[in-house]
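First the structure, in the form of C-alpha cells, and then the observations on it.
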Amino acid sequence: MACLAGAVAGFSHPVQAQEASPPAATAAASGPSLREVTVTGNPLGATDLIVPVSTLQGAELAQQARGTLGETLNGTPGVSSTYFGPNASRPIIRGLDGDRIRVLNNGGATLDASALSFDHAVPLEPITVDRIEVLRGPGALQYGGSAVGGVVNVIDNRIPREALNGVTGKVDLGGATGNGERSSAAMVEGGNERYALHVDGFDRRTDDVKVPLSLACERAGSPAQASRICNSASRAQGGALGGSVFFDRGYLGASVATYQTTYGTVAEDNVSIGMRSNRYALEGEWRQPVALLENLKFQFSHSDYRHTEYESGVAGTRFSNQGNDLRLEARHQPWSGVQGVVGFQAESGRFAAVGDEAFAPYSRSSSQALFVHEELPTAWGKLSAGARTEQVTVRSLGNAEVDRFQVGERRFNPHSLALGALWNVAPAWLLTSNLAYTERAPKDYELFANGPHLATAAWETGNSALSKERSTSLELGAQWKSGPHQAALNAYQTRFANYIGLLPSGDVLSAEGQRNPSDASVSTYPEYRYVGIRARFTGLEGRATVRLQGPGGLRPVSHWGTLDLQLRGDLVRAINADTQEALPRIAPARLGASLAWSLGPWSLRGGFDHAAAQSRVPSDSRATAAYTLWNAMGSYKTTAQWGGQRTQLLWYARLDNLTNQLAYSATSILTTTAFPKAPLPGRSLKVGLQLAF
C-alpha cells in the first residue's frame, strides 16, 4: 500500500516495511506471504529512509493497543501523550503537541476538535487498524506547518488497494481488569481480480479506571471516595463499509466510516462528552497515465465531526467541525537519476461552538498548497530535497449568542524547505543529516479565541495580529546493524523564531469577561494569551537490541529459543528563549529496557519504563516525581481448522504497572491544574484473542 509521505526531517533506522497478506493476517502477525509496503516519510517507496519512522503493527500492535491513540504510542522513543485521563489522549512528538502534530488516516487528513482542547478525543479506534506509523520531526513538505512536530498515520484497509482472492477476515476480543474493558472488533473482506469489498465494526466499553490512590468523587450514584478515577468510564462503537474496483493500471475505491463515543471528561465529575464523527473517502491510482509519469494518485475525504458536552445529563456546549481534504500526487519518471513527486493539496473546514462555554468563535479556514519531493541516489547513499508553498485563509464569523468575539480575516503564505542526506559509511553503519525550514499559519483559535476554557481552567485569549510560526530544524542520525544486533541514535534541535505559545498574562477574568474584578466572591479564571516567542527544542532519542541468545547472538544456542535485550530512551529540553524559562508539559528524561524471549509459537516480554523527575517547569506548573512502571506481556500463536477453513489464532496477555505504582504524567494538563485528579492507571491485566482467516 502506498502511503503519502512526510517531509525530509531525520532518521531513526532504515525501514523495509512489510505486512501480512491478506490484511486479516496482519493482526495475527503470521501471514504465509509478505508484500512490501511504502512507509510514511517517503513517497517514492524507498526502504532506506532519511526520515525517522517507527511502525507498530501485527502482534505488537495487538498487545500494545490502548483505548486512545496517544496512549497506544506513548513510550515510543520521542513520543509521549497529552493524557487527559484514559479517554482523551493525543500524541506529543519531541515536546510538540496540538496543531504541530498531524494525525492522518491512510495518508489523508482527519478533521476533529482534538487539537483545540485536551479533553477532546481523537475519533480513531486503535483496535480496528492494521498499522500505525510515526514520523518524528518536521513533516512540512507533504503536510505543511501543522506537521512540524511529526506525523501519525493510522492505516487500515477500508479502501482495498490490491485485488483480493476469496474471503478473509479477523475477529478481536479483549478484556481488562484495571478499567473493566470489554472490547470486540470484526472485519470481513472479499473479492476477486476486479472487485473488493470491506466491512468492519467494533464496540468497546470501560468502567472507571483503578488507581493506587483513594480519590473524591461528586458524581451522582458514585461513592464519595474510591480507588478509581471518577468519571473515567467510556463506550465507543463504530464501523466502516468500503470497496474498490480494479483495472489494468490502477484502482478506484470509496469508503464510509463512523465513530461514536460517550466518555467522562475526568476534570469535572458530572461532565461527559458525546461524540460522533463520520468520514467519507474516495481514493484512486492510475499507473503510467502519460509518458513522463509513473503514476498519479488522488485522495478526497469529507469529515463531519460533532460533539456535545453534557453536565449531569443536560446538553450544554456543542462543537462541530466539517471539512474536505483533496490531495493529488504525481510521480515522474527518473530524470538523470533524480526521482521525485509533485503534488497539490486543498483543505477547507467550518468550525462552530455553541453554548455558554464556547471560547472560540464560528470560523472558516481554507488552504491550498503545492509541494515537491526529489531524491538522487548515489554510490554512497542518497540526497533528498523538497519544498512546499501554501495559501491559508482564516476567517472569524463571530457568534450571534456571544458578543465578545472579534470578527475578521487573516491570510498567510507559509513556505517550507528541506534538505537531507543518507550516507552508507560501511556495511554495518549508516549516517543521516537533515536541515528543514518550516512556516505554519496560526489556527483560528490562536487568532480569535476569547473565553473561559474549563478543560484548562483558564481564560484563553487569541491574538489576531499573530504572524506565521517559523522554525529551523537540524538533525543528525546514526544507525548500526550487525545480524540481530542493532542500535540507532538521533540528535536534533529546532529553533523557533516565532513560536505561538499559550502563556499567562498575569490577569484574571470573571466568567462574564470582567478583567481583574474587585469583588472577591466572583469566580475568576487566570488569563492565558497566545503570543509569539522565541523557543528552542533540543533532544536525543535512541534504541538498541542485543541478541543474548539464539542465532547470531552472544550465545548462539537456539534450542532454547531467542532472547533479546531491548533498550530505549529519549530526552527533550524546551525553553522560552526570551525568558530562559522552561516550556510547559515537556516529558522528562525516559529510559526503558525489556527482555524478549520467543520459541516457536510462544513469546514473552518483560521490563520497565522509567521517567525521571520533571523539575524543569514554568512558574505556573507543578513539578512531577520520578516513577518506574514494570510491565509484562506474552502471546501464543497457533492455527486451527474449522469447517475446512484454516484459521490463525493469537492469544495474548499484557500486565501493566505490575507494582501498582502511583505516578503522574508531566505532559498532562491535569497534572498542572488538578494534580490528584487523574494519576496514571494502576495495575491492570488485559487478555485477548485474535482470529484471522
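The table for this structure:
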| read-out | value |
| --- | --- |
| Residues (open to solvent by less than 30 Å² (accessible area, probe 1.4 Å) and assigned to a strand (DSSP E or B)) located in segment 664-688 | Ser684, Lys686, Gly688 |
| Count - residues of segment 234-255 that are open to solvent by less than 60 Å² (accessible area, probe 1.4 Å), closer than 23 Å to Asp112 by Cα and either within 22 Å of the chain's Cα centre (by Cα) or of a type in the set (S, T, N, Q) (or both) | 7 |
| Selection count, segment 181-197, where residues are more than 30 Å from Val245 (Cβ to Cβ) and surrounded by 16 or more Cβ atoms within 10 Å (Cβ to Cβ) | 3 |
| Residue within segment 218-230 that is under 30 Å from Leu571 (Cα atoms), surrounded by 18 or more Cβ atoms within 10 Å (Cβ to Cβ) and in contact with a Lys or Arg (Cβ under 6 Å, 6 or more places away or on another chain) present | no |
| Set Phe371, Phe344, Phe359: member being under 28 Å from Arg395 (Cα atoms) and outside any strand (DSSP E or B) | Phe359 |
| Hey, Ala418 touching a residue at least 60 places away in the same chain (Cβ under 8 Å) and not aromatic (Phe, Trp, Tyr) or not | yes |
| Matching option when the condition is modelled with pLDDT of 95 or more and within 24 Å of Gly606 (Cβ to Cβ), among Ala596, Ala535, Ala577, Ala582 | Ala596 |
| Residue match in segment 436-448 (condition: free of Cβ contacts under 8 Å to residues at least 12 places away in the same chain and open to solvent by 30 Å² or more (accessible area, probe 1.4 Å)) | no |
| Conditions (1) open to solvent by 10 Å² or more (accessible area, probe 1.4 Å); (2) under 16 Å from Gln260 (Cα atoms); (3) out of contact with any Lys or Arg (no Cβ under 8 Å at 6 or more places or on another chain): number failed by Asp130 | (2) |
| Selection count where residues are surrounded by fewer than 16 Cβ atoms within 10 Å (Cβ to Cβ) and assigned to a loop (DSSP other than H, G, I, E, B), scope segment 379-435 | 11 |
| Single residue of segment 52-63 satisfying the filter (outside any helix (DSSP H, G or I) and of a type in the set (S, T, N, Q)) that is farthest from Leu476 (Cα to Cα) | Gln57 |
| Residues (of a type outside the set (S, T, N, Q) and either open to solvent by less than 20 Å² (accessible area, probe 1.4 Å) or modelled with pLDDT under 95 (or both)) located in segment 549-568 | Gly550, Pro551, Gly552, Gly553, Leu554, Arg555, Pro556, Val557, His559, Trp560, Gly561 |
| Qualifying residue in segment 587-605 (condition: aliphatic (A, V, I, L, M), open to solvent by less than 30 Å² (accessible area, probe 1.4 Å) and in contact (Cβ under 8 Å) with a residue 40 or more places away in the chain) | yes |
| Spans of strands (runs of 3 or more DSSP E) in segment 64-127 with at least 3 residues out of contact with any Pro (no Cβ under 7 Å at 6 or more places or on another chain) | 91-93, 101-105 |
| Residue within segment 534-543 that is of a type in the set (A, V, I, L, M) and surrounded by 19 or more Cβ atoms within 10 Å (Cβ to Cβ) present | yes |
| Residue in segment 162-178 that is buried (at least 24 other Cβ atoms within 10 Å of the Cβ) and not in a strand (DSSP E or B) present | no |
| Among residues of segment 617-635, those that are open to solvent by 70 Å² or more (accessible area, probe 1.4 Å) and at pLDDT 95 or above, counted | 2 |
| Given (1) assigned to a strand (DSSP E or B); (2) at pLDDT below 95; (3) over 26 Å from the mean Cα position of the chain (by Cα), index of the condition Val290 fails | (1) |
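Every residue, every condition in (1) buried (at least 19 other Cβ atoms within 10 Å of the Cβ); (2) among the β-branched types (Val, Ile, Thr); (3) modelled with pLDDT under 95, yes or no:
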| site | (1), (2), (3) |
| --- | --- |
| Ser336 | no, no, yes |
| Ser348 | no, no, no |
| Phe351 | yes, no, no |
| Phe359 | yes, no, yes |
| Arg364 | no, no, no |
| Ala369 | yes, no, no |
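The rows are residues; the columns are (1) open to solvent by 10 Å² or more (accessible area, probe 1.4 Å); (2) modelled with pLDDT under 95; (3) in a strand (DSSP E or B); (4) within 30 Å of Gly85 (Cα to Cα).
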| residue | (1), (2), (3), (4) |
| --- | --- |
| Gly451 | no, yes, yes, yes |
| Asn490 | no, no, yes, no |
| Arg495 | yes, no, yes, no |
| Ile500 | no, no, yes, yes |
| Ser505 | yes, yes, yes, yes |
| Asp519 | yes, yes, no, no |
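The values are calculated or read from the model by the stated rules, or taken from the named source; none is laboratory data. Bear in mind the structure is a predicted one, so any value in this text is a computation, not a measurement. All Cβ positions, even for glycine, are placed from backbone atoms using ideal geometry, and neighbour counts span all protein chains on display. Ligands, DNA and RNA are excluded from the accessible area calculation, which covers all protein heavy atoms including side chains. Shrake-Rupley method; radii C 1.70, N 1.55, O 1.52, S 1.80 Å.
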